[in-house]
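Peer 1: Let me give you the structure first, and then I'll get to my questions.
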Amino acid sequence: MFEHIDIRITSEGSVFIVEQNDTIRRKQIEPQSLLQLIKNSIDKNEVVDKYGSPALPKNCIYYGVLERFASSPTQVVVIERDKCSKPYNHIGDIILNVGYPKLLFAYKIQNNNVISSAVVAAKDEFIKNNSAVYHFPYGNVFADGIICWGNYRHPQLEELANLTFYPELFYLIEHTHPTNAVGQAVVDLLHKGKKFDDSKLVLMTTFKKFINQFTNSKGGF
């Protein structure tokens, strides 16, 4: 059995097989024979590198894997939340029915633990790579979208689908930042019982650039 075989094609279209073992031999073969060799190899070998995503959270609009072949691959998931009214805990003062814009929550998961999370606002009904994303209008989110959770730590995920409920935790934590990431006073944007005015949103970047930045960030809390 040969250690390996090199296949070389000249600029004139000739096909040579170079067998390398104890000796080196070179022989020319017909292109049809090369195709048959490739076909035989495919027929005899099953594909062992099959990959499919796990069950994903509801309203998941993006799923990716980093370092797929590493011992601890990192998963990136983005969950969409429609424009809504939810509680907002502003420095310990819980304000009910505050309007939120449409939000996109991004999570980075490793070994079933959330190691980083981010949130941005959006306006498009269907999110595409070139869709604009905007800074979260309230507190506890930095300029790159990374969420400040204080001392809170997410519970370990039993399965990825359970991430569906994690965005709800963000609405309930105490938001301690008096201004948002672009320096606007949060109290000026909080309006009880009213839908959020999307004209107040400040442009951040595109969805694709946000994902690339979040994926490559070191993350943290």
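Peer 1: Residues of the range 102-128 being of a type in the set (D, E, K, R) and either touching a helix residue (DSSP H, G or I) at 6+ places or on another chain (Cβ under 8 Å) or more than 18 Å from VAL141 (Cα to Cα) (or both), which ones? Give the derivation first.
Peer 2: The first filter runs over the range 102-128 and keeps only residues of a type in the set (D, E, K, R), leaving 102, 108, 123-125, 128.
The answer is LYS108, LYS123, ASP124, GLU125, LYS128.
Peer 1: Report, ordered by the first and then the second residue, all pairs with beta carbons closer than 9 Å, sequence separation of six or more or different chains, a first member in the range 121-144 that is within 8 Å of ASN180 (Cα to Cα) and open to solvent by 60 Å² or more (accessible area, probe 1.4 Å), and a second member that is not in a loop (DSSP other than H, G, I, E, B) and not β-branched (Val, Ile, Thr).
Peer 2: Hits for this filter: PHE142/ALA118.
Peer 1: So, in the range 118-145, how many residues would count as being assigned to a loop (DSSP other than H, G, I, E, B) and within 15 Å of the chain's Cα centre (by Cα)?
Peer 2: The qualifying residues number 5.
Peer 1: Considering only the range 145-162, how many residues are modelled with pLDDT under 95 and crowded, with 18+ Cβ neighbours inside 10 Å?
Peer 2: 2
Peer 1: Just checking, how many residues over the range 70-116 are surrounded by fewer than 17 Cβ atoms within 10 Å (Cβ to Cβ) and in a loop (DSSP other than H, G, I, E, B)?
Peer 2: So the answer is 10.
Peer 1: Just to be sure I understand, how many residues within the range 163-194 are open to solvent by 60 Å² or more (accessible area, probe 1.4 Å), of a type in the set (Phe, Trp, Tyr) and touching a residue at least 24 places away in the same chain (Cβ under 8 Å)?
Peer 2: Count: 0.
The values are calculated or read from the model by the stated rules, or taken from the named source; none is laboratory data. Keep in mind that what you see is a predicted model, and the values were worked out from it rather than measured. Cβ: placed from backbone, ideal geometry, glycine included. Neighbour counts: every protein chain shown. When the accessible area is computed, the model is the full protein with side chains, heavy atoms only, and any ligands, DNA or RNA have been set aside. Shrake-Rupley method; radii C 1.70, N 1.55, O 1.52, S 1.80 Å.
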